[in-house]
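Notes for the one structure printed next.
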Amino acid sequence: MQLLSIEISGFKSFAKKTALEFSAAITAIVGPNGSGKSNVAESFRFVLGEQSMKSLRGKRGEDLIFSGTQITVKSNRASVKISLDNADRMLNIDFNEVVIERIVHRDGTNEYFINGSRVRLRDIMELVAHAHIGASGHHIISQGEADRILNATIKERRVMIEEALGLKVYQFKKQESEKKLEKTEENMRSVESLRREIAPHITFLKKQVEKLQKAEGMRSDLRDICLLYFKRESVYIASLKEHIACGKEGPEQKKKEVEEKLVVLKKELAVSAKADVRSHAVVSLEERMQAARNERSAAARELGRVEGMIAAWQEHSKLAEERSDAHKHRIVTFSKVEEFVKHLDTEIEHASARETLEGIRAAITRIRGMMEKFIERESEVDEPSIILETKEYDKYVEEKKNIEEKILDLEKEGKALEHEYKMMREDMEREKEAGREAEREMFELMRQQQVLHTELMQLHLEEEQCERDEKEFKQNLGEAAAVVGREIGNYANVTVQGDERVLSDEEIITEGRDKQHERRRTIERMRMRLEEMGTGTGIEVKREFDEVEQRDKFLAHELQDLRGSADALRELIKDLDTRLDQEFKAGVLKINREFQNYFSLMFGGGTALLSIVREKKRRRLQVVLRGEEEGVDDSYAPEGDEEGAEGMAIDVSLPRKRISNLDMLSGGERALTSIALIFAISQVNPPPFLILDETDAALDEANSRKYGDMIENLAKHSQLILITHNRETMSRAGILYGVTMGGDGVSQLLSVRLDEAVLVAK
């Protein structure tokens, strides 16, 4: 890479646009004191991004702009533009020529451009770092800074050498990685804070979901028990219906036939010419017996209805007692108790504020009322709607007793009629008259009718009980569907297992009803427990839990990614530190070799060495006097100094002079040592260009010749821009720029190519 030119406009004393071209290996800038030639060196610092106003010999950005004179107006801005040949792509940009420009306005704002495109300062610093140059690097030595590297601290000296060795790129990467690490750690803290905030809510929702899952498990168990219960009950009811239907078919048909025959015989006896008083008595007796049977049947049906109601009352009373027992041990939620305690505390505070005895008594009465209402409210139990009141139960018991007494009376009357009928039949059999054959047949039919009637009456009672069971079955099915879901309606498709095999309908029917009743009570107990836990599905709670848990998982995943990124950044920083350390130490070895050569050349012998050291940090003592801390001066700090950051120390030994530190060197010796070190650094990792502002001012004639020889050797690797008053130095330049200043206070430029001038002079 080669420096092509620099264009200065409005910068310090260069009010007008001034351009300097650098086509020679060595360019010298000369001029009288105060003409502004050092402003050229500062313009290089400025355009390469220098931010220190002190280094630019100013206090504010406005100080860098031409301020005008009595005859020349001031400028509104200052700009510096340099052009670089980038054919070898030393700069990491895909252009053969790179133009870097910086503009400062009077309000202090700065603008930066690369090839006309506006960029950030960081972009320029990263770009030129690849070429081992920068705003305050070793390649720009301003006036009076020849021994700056000697006066610098060991830490500042290390930074200069790192920049000279081209390690600034790694420093930028390290700084960027450290900023990213800091941002990542901040994000990690934010994510951890968010997780801590939602953790209690997740715990609460998790408990609620576990409660719902427990209820869902209980509901699933209840569903299984209900399916088996309703399957068994449906099989039992269907079988009972079929049994009643089949049992009624034959007796009803026979009863119908017997009644038809009786009607015919009655007609025959009614119109028979031989009918007598006995025939009429038989007919009357038959009618009385039939009426008694009908009345007894009606009473038996009524008795069956009443007994069914009483049995239902007893069954549900037992379930109500079980529910009441469960209710006595039911759990009152913490939120209700907490709300009650808050109201109670409020009332107690009001009571405490009372001053009269009547007011305190009234407050105590209100507190007692609140407690009674709370207990009464929490003690309310919803009883099943079909449970009868106690007075209705007593009415049915009394009615049952009356019906049983009536049935006993009817049975006595029936037995008396049957006895009379029997006696009349025996009399008729004794007579054995042929004309009484119809009567005997009628009596036989009447006997059969009575037997059939009794049989059908029993079937009718079973049918009524079956209807009640079926009604209760449908009611229980609806209640179960409300608790466990509509899928309970699929009970018909359930298979009943027993002894590792499927039970047949006959085996289900033959099972005792007591077991089925026990299943019914178990279902009722489980249903009550579900009602206490809350039979809702909790869809909103589950959805909220899923959302919060998903957010927590996302945050956990983000935290894991951030930790991975942080670990990767720490590893990158560690690798950069290792690489910086390795390359820095290797570069120092090379610099030491060149430093020794230049130092020996300058002083005719002696030794010079750069060494890596760590700065010492004095620990500040703290003593406690009367409970207060007082500081003790650092100079009195005892052993145990702590090691700080690494830096660079310079050790020199002159051939005919013993010195213990750099402060013992004279001004000329310091200048020669600085020049030797600067040239050594430039030889190890040559920058594209090197700007030296009057670094030869302290040299005598002999050393000036040595200086000239060294810059000619150095010019083989880097372009040299020398600001000088030294004739020997001027003679080594290819282009000579002269800077003058007229009465208008504006720096002007004159240029001479010395090689062409020599030819003209010849």
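The values are calculated or read from the model by the stated rules, or taken from the named source; none is laboratory data. Note that this is a predicted model, so its numbers are computed, not measured. Cβ placement follows ideal geometry from the backbone for every residue including glycine, while neighbour counts extend to all protein chains displayed.
Here are a few things to note about the model shown:
Conditions tested, residue by residue: (1) farther than 30 Å from G743 by Cβ; (2) in contact (Cβ under 8 Å) with a residue 24 or more places away in the chain; (3) buried (at least 18 other Cβ atoms within 10 Å of the Cβ); (4) not hydroxyl-bearing (S, T, Y).
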{"residue": "I65", "(1), (2), (3), (4)": "no, yes, yes, yes"}
{"residue": "I71", "(1), (2), (3), (4)": "no, yes, no, yes"}
{"residue": "N76", "(1), (2), (3), (4)": "no, yes, no, yes"}
{"residue": "K81", "(1), (2), (3), (4)": "no, yes, yes, yes"}
{"residue": "F95", "(1), (2), (3), (4)": "yes, no, no, yes"}
{"residue": "V104", "(1), (2), (3), (4)": "no, yes, yes, yes"}
{"residue": "I124", "(1), (2), (3), (4)": "yes, yes, yes, yes"}
{"residue": "V128", "(1), (2), (3), (4)": "yes, yes, yes, yes"}
{"residue": "I133", "(1), (2), (3), (4)": "yes, yes, yes, yes"}
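This table checks each residue for (1) under 27 Å from G58 (Cβ atoms); (2) of a type outside the set (A, V, I, L, M); (3) modelled with pLDDT of 85 or more.
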position: V159; (1), (2), (3): yes, no, no
position: V169; (1), (2), (3): no, no, no
position: E176; (1), (2), (3): no, yes, yes
position: T184; (1), (2), (3): no, yes, yes
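- Which listed residue, of L609, L589, is modelled with pLDDT of 85 or more, in contact with an Asp or Glu (Cβ under 7 Å, 6 or more places away or on another chain), surrounded by fewer than 21 Cβ atoms within 10 Å (Cβ to Cβ) and not small (G, A, S): L609
- Count of the range 239-269 residues which are free of Cβ contacts under 8 Å to residues at least 60 places away in the same chain and either under 21 Å from G489 (Cβ atoms) or among the aliphatic types (A, V, I, L, M) (or both): 3
- Number of positions in the range 9-24 that are under 16 Å from V752 (Cβ atoms) and hydrophobic (A, V, I, L, M, F, W, C): 4
- Of residues in the range 1-40 being in contact with a helix residue (DSSP H, G or I) (Cβ under 7 Å, 6 or more places away or on another chain) and closer than 18 Å to G68 by Cα, the one surrounded by the fewest Cβ atoms within 10 Å (Cβ to Cβ): S13
- Answer from G478, G414 - the residue that is at pLDDT 75 or above, surrounded by fewer than 17 Cβ atoms within 10 Å (Cβ to Cβ), assigned to a helix (DSSP H, G or I) and among the small types (G, A, S): G478
- Positions within the range 195-207 being under 11 Å from the mean Cα position of the chain (by Cα), surrounded by 10 or more Cβ atoms within 10 Å (Cβ to Cβ) and over 14 Å from E547 (Cβ atoms), in sequence order: R195, A199
- Scan of the range 51-60 for residues that are surrounded by fewer than 20 Cβ atoms within 10 Å (Cβ to Cβ) and either more than 14 Å from G108 (Cα to Cα) or not hydroxyl-bearing (S, T, Y) (or both), ordered by number: Q51, M53, K54, S55, R57, G58, K59, R60
- Long-range neighbours under 8 Å by Cβ, at least six apart or interchain, first residue outside any helix (DSSP H, G or I) and surrounded by 15 or more Cβ atoms within 10 Å (Cβ to Cβ) within the range 528-541, second modelled with pLDDT of 60 or more and not small (G, A, S): G538/Q208; G538/V209; G538/L212
- The set of residues in the range 557-586 that are hydrophobic (A, V, I, L, M, F, W, C), out of contact with any helix residue (DSSP H, G or I) (no Cβ under 7 Å at 6 or more places or on another chain) and modelled with pLDDT of 90 or more contains only A568.
- Of all residue pairs spaced 6 or more apart or on separate chains, those with beta-carbon atoms under 6 Å, a first member in the range 286-314 that is under 28 Å from E472 (Cβ atoms) and a second member that is assigned to a helix (DSSP H, G or I) and among the basic types (K, R) are A299/K406; V306/K400; G308/R468.
- Single match in S279, S324 (criterion: assigned to a helix (DSSP H, G or I), modelled with pLDDT under 70, small (G, A, S) and in contact with a Leu (Cβ under 9 Å, 6 or more places away or on another chain)): S279
- Answer residue from the range 158-194, given it is part of a helix (DSSP H, G or I) and in contact with a Gly (Cβ under 6 Å, 6 or more places away or on another chain) and is surrounded by the fewest Cβ atoms within 10 Å (Cβ to Cβ) among those: R158
- Near pairs, Cβ below 8 angstrom, 6+ apart or cross-chain, from the range 543-572 (on the phi < 0 side of the Ramachandran plot) to any residue that is hydroxyl-bearing (S, T, Y) and assigned to a helix (DSSP H, G or I): L562/T184; S565/T184; A566/T184; L569/S177; L569/T184; L572/S177
- Residue match in the range 732-743 (condition: of a type in the set (K, R) and touching a helix residue (DSSP H, G or I) at 6+ places or on another chain (Cβ under 9 Å)): yes
- Considering the conditions (1) more than 60 Å from the chain's Cα centre (by Cα); (2) farther than 25 Å from R658 by Cβ; (3) of a type outside the set (D, E), L672 is excluded by exactly one of them, (2).
- G668 being modelled with pLDDT under 85 and either part of a helix (DSSP H, G or I) or crowded, with 21+ Cβ neighbours inside 10 Å (or both): yes
- E126, sole failed condition from (1) at pLDDT 85 or above; (2) assigned to a helix (DSSP H, G or I); (3) among the acidic types (D, E): (1)
- Any chance P686 is in contact with a Phe, Trp or Tyr (Cβ under 8 Å, 6 or more places away or on another chain) and surrounded by fewer than 18 Cβ atoms within 10 Å (Cβ to Cβ): no
- Residue in the range 146-153 that is modelled with pLDDT under 80, surrounded by fewer than 18 Cβ atoms within 10 Å (Cβ to Cβ) and among the basic types (K, R) present: yes
- Residue match in the range 645-664 (condition: under 60 Å from the mean Cα position of the chain (by Cα), surrounded by fewer than 12 Cβ atoms within 10 Å (Cβ to Cβ) and at pLDDT below 80): yes
- Any hit, the range 559-577, residues being touching a Phe, Trp or Tyr at 6+ places or on another chain (Cβ under 6 Å) and of a type outside the set (G, A, S): yes
- Yes/no for Q465 being in contact with a Gly (Cβ under 9 Å, 6 or more places away or on another chain), crowded, with 16+ Cβ neighbours inside 10 Å and polar (S, T, N, Q): yes
- The lone exception for I133 - which of (1) more than 31 Å from the chain's Cα centre (by Cα); (2) in a helix (DSSP H, G or I) it fails: (2)
- Within the range 675-723, being in a strand (DSSP E or B) and β-branched (V, I, T) holds for I691, I721, I723.
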